[in-house]
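Shown next, in structure tokens, is the structure this report addresses.
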Amino acid sequence: MPLFWRLDLAVRETSAAPDPGPGDPAAHVRDGEWSRPASALANALGAIKAVARGRLADATGLLERGFARIGEPDTATGRWVDDVTRLSRAAAAREAELLPLAEETIALAARELGA
């Protein structure tokens, strides 16, 4: 799917384990809520789209809020690939299940915004 296509996706769970384990997202969040690291990673992805559209102030805000959401004492610098990489890796460091998505996000930033 191209990066800028709009996608509205709803996911419904039909069954669940009675006692979720540590790898189960339910162990990290309340119903209907993303974990903070997952949300921060979504901000990194949103920042890629914002930079590609020339909306640099929006990208800065997304990155800043992403860092703040996970308590990372970092800030956006305008070196977009580096900024996305730092935020993605910080999110994955807090929630290991996010590592594959974080690496995909970093690769997308390098591809779309230049290494």
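We did not get these values from a lab; they are worked out from the coordinates using the rules stated. Predicted, not measured: the structure shown is a model, and the values here were computed from it. Positions of Cβ are backbone-derived with ideal geometry, glycine not excepted, and every protein chain shown enters the neighbour counts.
General remarks:
- Segment 54-79: number of residues that are in a helix (DSSP H, G or I) and surrounded by 15 or more Cβ atoms within 10 Å (Cβ to Cβ): 12
- The lone exception for V84 - which of (1) crowded, with 20+ Cβ neighbours inside 10 Å; (2) over 9 Å from A44 (Cβ atoms) it fails: (2)
- Only one of A50, A90, A102 that is part of a helix (DSSP H, G or I) and in contact with a Lys or Arg (Cβ under 7 Å, 6 or more places away or on another chain): A102
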